[in-house]
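These notes are about the structure you will find just below.
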Amino acid sequence: MAMATATDLPTIESKGFIHRNRMKIAPWLFLAPAIIMFLIYVILPIFQSMSISFYEWDGLSDPVFVGVANYIELLDDELFYTSLKNNILWLVLYMLAVPAGLFIALFLNQNVWGIRLYKSMFFFPFVISQVVVGLVFSWFYDPTNGILALIYGIFGGTAPAILADERYVTYGIIAAGLWPQIAYCMILYLTGLNNVSPDQVEAGRLDGARGWKMLWYVVLPQLRPATFIAVVVTVIGALRSFDLVSIMTSGGPYGSSNVLAYYMYETALSEYGYRMGYGAAIAVVLFLIMMVYISFFLYRMYRQEVEEG
């Protein structure tokens, strides 16, 4: 039997393309199902919404092309401006969750008896549903039998009807939303604090860094990834706020607590609307606002990485 020579053995060049590049192709095969789902259920609906926004459509009859008429109508819609103003208010006040979560994480980042129980108590709001949070705070704000009414009663006062007052309703809902959002930011920072380099902390102490200087110059730079995620998620949560508004006020009183996400639902899908094209136009505006903020934070993070690299 003749022995195989070196020229008879298969070479890398003679093998197929897939075999030669299997190490590069393998990750994409694992990612393919998630990418396909993302394209179908996220990217495609975004472009569908943009397309629908140029039509007048009730969801049943044939859509009628109206061009940018829906966007022009938004410019004269008082409820749209109220919803936009409330979203900006949500965005500004919701950012309080980031520093609050950081300081709670710093407080809980210690080895003392019972610290796991304390962490669980602070973590609890993030676990429960937004619907439950809305119901709890609705009972809390009840001006007759709620806890707030009892507190006012102790001091001989009368509790305001927060959810029925146009001046306070949005602030009351935001306070309810901050409760679980602070817990989420706290979790991110607790995870980040576990990765803080003890060598850098010790070096900072040798250089005389204490208290705020240690936090600002040593700890916070190492928490930058956690801060980035906390800010982005908080911005998205503020702009897409819907659950609490729906549960606590349904946009009332008189639409004063509306936000863009709920106004979109009310216009397009509730019994008051069935204007799919107009609702899609509101959704597109909300999407563009989100993209501006997220792109800004991504750009800032990229510049910081480049400068440090």
Taking Phe228 and the conditions (1) farther than 20 Å from Lys85 by Cα; (2) free of Cβ contacts under 8 Å to residues at least 40 places away in the same chain, which numbered condition does it fall short on, given that it satisfies the others?
(2)
Here is a list of conditions, (1) over 29 Å from Gly279 (Cβ atoms); (2) surrounded by 13 or more Cβ atoms within 10 Å (Cβ to Cβ); (3) out of contact with any Lys or Arg (no Cβ under 6 Å at 6 or more places or on another chain); (4) not basic (Lys, Arg), and Leu108 meets all of them except one; can you say which number that is?
(3)
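Residue by residue, here is whether (1) of a type in the set (A, V, I, L, M, F, W, C); (2) at pLDDT 90 or above; (3) outside any helix (DSSP H, G or I) holds:
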| residue | (1), (2), (3) |
| --- | --- |
| Ala2 | yes, no, yes |
| Glu13 | no, no, yes |
| Ile25 | yes, no, no |
| Ala32 | yes, yes, no |
| Ile40 | yes, yes, no |
| Ser51 | no, yes, no |
| Ser61 | no, no, yes |
| Tyr71 | no, yes, no |
| Thr82 | no, yes, no |
Of everything in segment 279-309, what is surrounded by 12 or more Cβ atoms within 10 Å (Cβ to Cβ) and closer than 14 Å to Asn87 by Cβ? Give them in sequence order.
Ile282, Ala283, Val285, Leu286, Phe287, Ile289, Met290, Tyr293
Name the residues in segment 167-198 that are at pLDDT below 90, in a helix (DSSP H, G or I) and of a type in the set (Ser, Thr, Tyr), would you?
Thr191
Checking Ala238 against (1) surrounded by fewer than 20 Cβ atoms within 10 Å (Cβ to Cβ); (2) assigned to a helix (DSSP H, G or I); (3) of a type in the set (A, V, I, L, M), only one condition comes out false. Which one?
(1)
Flag if Ala149 is assigned to a helix (DSSP H, G or I), under 25 Å from Ala164 (Cβ atoms) and without any contact (Cβ under 8 Å) to a residue 12 or more places away in the chain
yes
Looking only at segment 247-263, count every residue that is closer than 17 Å to Tyr94 by Cα and either assigned to a helix (DSSP H, G or I) or among the polar types (S, T, N, Q) (or both) and tell me the total.
4
Only one of these is surrounded by fewer than 20 Cβ atoms within 10 Å (Cβ to Cβ), touching a residue at least 24 places away in the same chain (Cβ under 8 Å) and part of a helix (DSSP H, G or I): Leu102, Leu93. Name it.
Leu93
Across segment 31-63, what is the total count of residues that are over 24 Å from Ile289 (Cβ atoms) and either in contact with a Ser or Thr (Cβ under 6 Å, 6 or more places away or on another chain) or surrounded by fewer than 11 Cβ atoms within 10 Å (Cβ to Cβ) (or both)?
9
Restricting segment 254-265 to residues that are surrounded by fewer than 23 Cβ atoms within 10 Å (Cβ to Cβ) and at pLDDT 90 or above, the residue that is nearest to Pro63 (Cα to Cα):
Tyr265
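The values are calculated or read from the model by the stated rules, or taken from the named source; none is laboratory data. This is a predicted model, so every value here is computed, not measured. Methodologically, a virtual Cβ is constructed for each residue, glycine included, from the backbone with ideal geometry; neighbour enumeration extends over all protein chains shown.
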